[in-house]
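The values are calculated or read from the model by the stated rules, or taken from the named source; none is laboratory data. Please read all numbers here as calculations on a predicted model, not as lab measurements. Ideal geometry is used to build each Cβ from the backbone, glycine not excepted, and the neighbour counts take in all protein chains shown. SASA here: full protein model, heavy atoms, side chains in, ligands and nucleic acids out. Shrake-Rupley method; radii C 1.70, N 1.55, O 1.52, S 1.80 Å.
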There are 4 protein chains.
Amino acid sequence: MKALVYLGPGAKALEDRPKPVLAAPTDVIVRLTRTTICGTDLHILKGDVPTCQPGRILGHEGVGIVDQAGPAVATFKPGDRVLISCISACGTCVYCRKLMYSHCTTGGWILGNTIDGTQAEFVRIPHADMSLYPIPDGADEEALVMLSDILPTGFECGVLNGKVAPGSTVAIVGAGPIGLAALLTAQFYAPAEIIMIDLDDNRLEMATRFGATATVNSGDGNAPATVMKRTGGRGVDTAIEAVGIPATFELCESIVAPGGTIANIGVHGTKVDLHLEHLWDRNVTITTRLVDTVSTPMLLSTLRAGRIDPKRLITHRFKFDRILDAYETFAHAASTRALKVIIEAQ
Amino acid sequence: MKALVYLGPGAKALEDRPKPVLAAPTDVIVRLTRTTICGTDLHILKGDVPTCQPGRILGHEGVGIVDQAGPAVATFKPGDRVLISCISACGTCVYCRKLMYSHCTTGGWILGNTIDGTQAEFVRIPHADMSLYPIPDGADEEALVMLSDILPTGFECGVLNGKVAPGSTVAIVGAGPIGLAALLTAQFYAPAEIIMIDLDDNRLEMATRFGATATVNSGDGNAPATVMKRTGGRGVDTAIEAVGIPATFELCESIVAPGGTIANIGVHGTKVDLHLEHLWDRNVTITTRLVDTVSTPMLLSTLRAGRIDPKRLITHRFKFDRILDAYETFAHAASTRALKVIIEAQ
Amino acid sequence: MKALVYLGPGAKALEDRPKPVLAAPTDVIVRLTRTTICGTDLHILKGDVPTCQPGRILGHEGVGIVDQAGPAVATFKPGDRVLISCISACGTCVYCRKLMYSHCTTGGWILGNTIDGTQAEFVRIPHADMSLYPIPDGADEEALVMLSDILPTGFECGVLNGKVAPGSTVAIVGAGPIGLAALLTAQFYAPAEIIMIDLDDNRLEMATRFGATATVNSGDGNAPATVMKRTGGRGVDTAIEAVGIPATFELCESIVAPGGTIANIGVHGTKVDLHLEHLWDRNVTITTRLVDTVSTPMLLSTLRAGRIDPKRLITHRFKFDRILDAYETFAHAASTRALKVIIEAQ
Amino acid sequence: MKALVYLGPGAKALEDRPKPVLAAPTDVIVRLTRTTICGTDLHILKGDVPTCQPGRILGHEGVGIVDQAGPAVATFKPGDRVLISCISACGTCVYCRKLMYSHCTTGGWILGNTIDGTQAEFVRIPHADMSLYPIPDGADEEALVMLSDILPTGFECGVLNGKVAPGSTVAIVGAGPIGLAALLTAQFYAPAEIIMIDLDDNRLEMATRFGATATVNSGDGNAPATVMKRTGGRGVDTAIEAVGIPATFELCESIVAPGGTIANIGVHGTKVDLHLEHLWDRNVTITTRLVDTVSTPMLLSTLRAGRIDPKRLITHRFKFDRILDAYETFAHAASTRALKVIIEAQ
């Protein structure tokens, strides 16, 4: 089969690979119908993710059709249409019992990282009963691809951890796909204000269309002052970090209100300064989280009910044999204005 | 009246001052029967607390007897025995309505900071209905002095924020009075392990007597390895920082388990390194808090019920005219083995 | 001044009464600009509320202008425009400290019950700092009248207690003003389904316009079966009782899913059958609540942000001298299709 | 093998039965070393549990040694010592994902109910990875038998649902084994008061030894008045119903404080009167629950840490061939003073 393979820092190729086979009785083989590319895939390609070794098929998102199911799989049979979670979970380990699937002792984020992923014609999904979701009849499969990773990530790491609440004030730093996913899902809770902060006016304009009540271009260094002014000097109840660099995290520190929360989503490669000399007495909470995808059933419900339209995040579509072009488009988002790119089976 | 007055960095004196008078209809004047000294008073004396200006009477803890009550005070009348909260709260501002009394817009930590405090014969207490508590008949007043600040601080900032729970694993970094108050109140929740970490073997020995299940002297730099080994490589569910310097905060970062919480109590004078490159995907929570004293009624109940014995924190007693000696004793805790010192009216 | 006075079961009159005077330093006298009538006022008129004695001026909702403020009132001064909460709260008693203002030991629901109320030209408001809210500039005062009682009641007793959540399934039994207020505020949480149940097709049609995703006329006795079918045999996550009779409460018992919640809003005059023989092992929660109005600041924020439009609940308007007509219209809602009636100062 | 078999209302026998065999790849066969009898077994024998049909081997508690493990069992192998949970859970269904194992669509309480149980030499455990727990080295197996059902039931249905908290006031109605299990585990949270209510002075005396701060014999009908007096007229924060009849549930209704919780543990065979005419405005919560055994890992931790001593619940011991005597002893608790009886393998 064809697969997009990581070949080491800066290198990738569309290669021929053997079709995966069942390795455990709880495995399923899925034939992909649609997949996508994540910012994390770009991190891997830069060589920033040491757990992912050359030779790995990338990708941890997608929808498809069950091709084969192991004998201990209870929920799925060949022919079933399924949503693939970016997180694999055994359901029974100490972390899974706490609904912290991200830290499953035999799962977590392994797809396209420590085992072969979804940017291929077929993929093996371990712990299939916990790691796949049946696709409801009539569901829009493109929209569902957004539920593999980006929507639960924005929601769990940003909105839930950030305790977004009716009438509250939210700032989201970073209007990329993840920040916009947080923006979409924050609206489940009717906050009074959602202030979107980014350097790119195009993305800020998009944020306004997606429901931001205010936008701030942080390029001039005045973002903290602007946010404080807009919040009557109080700061925001929730500051969501959706970039992953020290400057944006520290921006969150400077705008969080007493009693507020900084919810980190960004993947950080270096330490940041935590200004406890200002924050020690401010009753703030800071959270980190690798998405657990515990919210996937809920997101499926809201999608089915029409309470959210994640297709708005999709800007481009490619056939699988043009996946290298898809990478180009996604990697140059500033010029292509790409958010999420859908890659379809031939 | 006699009062202990801050005269600028490094300087204090026992002076004669006029007795305070009612300034608002919601004020009460309390005649102190017992007060104590807090680590924060030492910070002020070092010049580290710019809000506290020379000339200020120090002290934010104590018990006493109502001397005068303003006309709008509903709960107290002259002669009532009262516990003074270190936090003054109006009860009606936006923060008080969220039970964040520490950030009351006309209160918070003002006693012995921005208004005259309790290390005197009399003190004026603003917002008295919210900031004083009636002392139950037969209560031990010495024990109650521990409820002005140290017990609610250890409990709210450390134990509650740290989500200490039955069967969980807790580490407390810093076995001074605040760390020991956290140790005492952590036991409200029956954690399986409470590991106490400090540099001072005397204090660690005391921690064992107060209920620590293990102690670690961090002097050799191996504390993180020791804690990880003791917790089966997993780390602790709750790490309570009760010192206030970068090294101890970073120790907490290194021992918190996935899904765990770092609850900061320490007063920090400088920034710390937050290692998001390790923590971004660990599902951890970090909290800061200035005590709100919302738990004071609960602490009074547990005290009355004999579920806690805060008198164990008291090591020395002085009459008020020897308060300078009390400061000496408290400031040299390593040699005097002082925890809390009680200062009694003559 | 003119006032609507309860004269005993079945009897009321528009009478001349003396203007109220300040009785405590924390009181405010408000000149009403708008008030309304509540279902509870009809209960009183039936003689069902023994705490309310003949001679009482009715009404516990309204907006107005501060006429006089007691010397201990910190927040309000004559001329301020204010929203009156149906609940008076001292802020300092054991219940207020738990944010259970409904049970304030010197407040709670007293207006138009145990002290004179708002269906008059002037009203005395005790504990004014906690019981009035400043009206934001440019706010629509008609909409604000809905925040005195009906919106916080639907929200706190129904939506919050019922734990309405994104993607969840909700049934609201009773499409009167309170049920519709629950319907409006339930949408803060993006539930997947809100099924409205009533006997009156007009009200159900209105519920559809207000955001119900399904409606069920329970007149044929098949409501439980219909709801179970619609929810795939599982039942609803949240069943909100907004009527106050045994039949509607027992309907809730029959449609709540395992793990679900029955949130009672209705004012009950008699016991109901609790079918523990069916429910003991269903992991259900049942809640009761007199509104605390702790959500008023939040509701003001969502109103200001345009996240909710409570004016939709207003169907009729009357000048104050026609308040008896307003009562007629409100009391015959089936024929007049009245929800909330606004009564304006002359 | 020998097994205790239910033969229809009023009838049981110790019979020879074939040893169970693996029926699914996720099954384990356990050789019992210790089991016990539950009040629910007596209910079955009265014919009150229609799901349990004649011919069924009873019992849902016990510890033992793994005899055989299905090919898809990840955690256990022959020879492992295991604790059996009374609840079987697949871990992947909609209820298991919410940690509501009691409602697992292919599990829940099935042992000794809809499939053969643990009062036998061997038992088949479905969904073994989720339904068995490894026994820590050196653990006391008798104590562990209390963790199959009675401790998690008292804790989850009574203490957790009842929101027992430091300094709070608790009443437990019913001092049988379940009520005493609630009493033991309530002490994880340091409540100020635990008032035990029963008709049997022997059990009340035992409750005092187990940590009750007060006891009330409800035989004279004055229990509500006594509790109200003892709580200063306020009632209890938590009322735990551990009997299962209308009178005891209604007693809970009469003593719960405003804002309090009634946590039902009792198995009810008939409806009860819910006095909403008194409770509608009292801000109370009523909960029901079939134990989920989600707290088993935590209970194992507290047991290992010595924070609880469940062996105190064990009053009698029998060899397996005398299980009929064990039933006699357990069924006549008033005269035998039996709480839990341990039945040991020969």
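Quick look at the numbers
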quantity	calculated
Checking B:THR51 against (1) touching a Ser or Thr at 6+ places or on another chain (Cβ under 7 Å); (2) surrounded by 20 or more Cβ atoms within 10 Å (Cβ to Cβ), the condition it does not meet	(2)
Search result, residues across segment C:164-185 that are more than 11 Å from every other protein chain (Cβ to nearest Cβ) and at positive phi	C:GLY174
Test: residue in segment C:83-97 that is among the aliphatic types (A, V, I, L, M), open to solvent by 20 Å² or more (accessible area, probe 1.4 Å), within 13 Å of chain B (Cβ to nearest Cβ) and more than 22 Å from B:PHE76 (Cα to Cα)	no
Boolean, B:ASP281 is in the same structural domain as B:ILE178 (by TED's automatic domain parsing) and acidic (Asp, Glu)	yes
Check on B:SER295, more than 23 Å from B:ARG203 (Cβ to Cβ), free of Cβ contacts under 8 Å to residues at least 12 places away in the same chain, within 14 Å of another protein chain (Cβ to nearest Cβ) and crowded, with 19+ Cβ neighbours inside 10 Å	no
Inter-residue pairs, beta-carbon under 6 Å, first of a type in the set (Gly, Ala, Ser) and in segment B:147-164, second open to solvent by 10 Å² or more (accessible area, probe 1.4 Å), 6+ apart	B:GLY154/B:ILE178; B:GLY158/B:ILE265
Tally of residues being in contact with a Pro (Cβ under 6 Å, 6 or more places away or on another chain) and within 21 Å of C:LEU99 (Cα to Cα) across segment B:106-160	0
Failed item in (1) open to solvent by less than 20 Å² (accessible area, probe 1.4 Å); (2) more than 14 Å from chain B (Cβ to nearest Cβ), with D:ALA225 passing the rest	(1)
Residue match in segment A:142-155 (condition: more than 26 Å from A:ALA305 (Cβ to Cβ) and either away from every other protein chain (no Cβ under 12 Å) or small (Gly, Ala, Ser) (or both))	no
Residue satisfying condition, being open to solvent by 10 Å² or more (accessible area, probe 1.4 Å), within 14 Å of another protein chain (Cβ to nearest Cβ) and of a type in the set (Lys, Arg), within set A:ARG209, A:ARG230	A:ARG230
Complete set of residues in segment B:298-315 that are in contact with an Asp or Glu (Cβ under 9 Å, 6 or more places away or on another chain) and either away from chain D (no Cβ under 14 Å) or acidic (Asp, Glu) (or both)	B:LYS311, B:ILE314
Among (1) in a loop (DSSP other than H, G, I, E, B); (2) in contact (Cβ under 8 Å) with a residue 24 or more places away in the chain; (3) not hydroxyl-bearing (Ser, Thr, Tyr), the one test that D:PRO18 misses	(2)
Filtered residues of segment C:252-266 (kept if away from chain D (no Cβ under 12 Å) and either closer than 14 Å to D:GLU277 by Cα or open to solvent by 20 Å² or more (accessible area, probe 1.4 Å) (or both))	C:SER254
Subset of segment C:267-292 that is aliphatic (A, V, I, L, M) and in contact with an Asp or Glu (Cβ under 6 Å, 6 or more places away or on another chain) - its residue that is nearest to the other protein chains (Cβ to nearest Cβ)	C:LEU290
Test: residue in segment A:28-42 that is outside any strand (DSSP E or B), among the β-branched types (Val, Ile, Thr) and within 29 Å of D:SER131 (Cβ to Cβ)	no
Entirely in segment C:107-193, the helices (runs of 4 or more DSSP H) that have 3 or more residues that are at pLDDT 95 or above, open to solvent by less than 10 Å² (accessible area, probe 1.4 Å) and out of contact with any strand residue (DSSP E or B) (no Cβ under 7 Å at 6 or more places or on another chain)	C:177-186
When residues of segment D:235-250 are limited to those that are hydrophobic (A, V, I, L, M, F, W, C) and surrounded by fewer than 23 Cβ atoms within 10 Å (Cβ to Cβ), the one farthest from the other protein chains (Cβ to nearest Cβ)	D:ALA247
Residues within segment B:194-206 that are open to solvent by less than 10 Å² (accessible area, probe 1.4 Å) and more than 24 Å from B:VAL267 (Cβ to Cβ), tallied	0
Which listed residue, of B:CYS86, B:CYS38, B:CYS52, B:CYS90, is over 27 Å from B:LEU7 (Cα atoms) and in the same structural domain as B:PRO18 (by TED's automatic domain parsing)	B:CYS90
Close pairs from segment D:335-346: first open to solvent by 10 Å² or more (accessible area, probe 1.4 Å), partner hydroxyl-bearing (Ser, Thr, Tyr) and part of a helix (DSSP H, G or I), Cβ under 9 Å, at least 6 apart	D:THR336/D:THR329
Selection within segment A:61-78 - more than 14 Å from every other protein chain (Cβ to nearest Cβ), in contact with an Asp or Glu (Cβ under 9 Å, 6 or more places away or on another chain) and part of a loop (DSSP other than H, G, I, E, B)	A:GLU61, A:PRO78
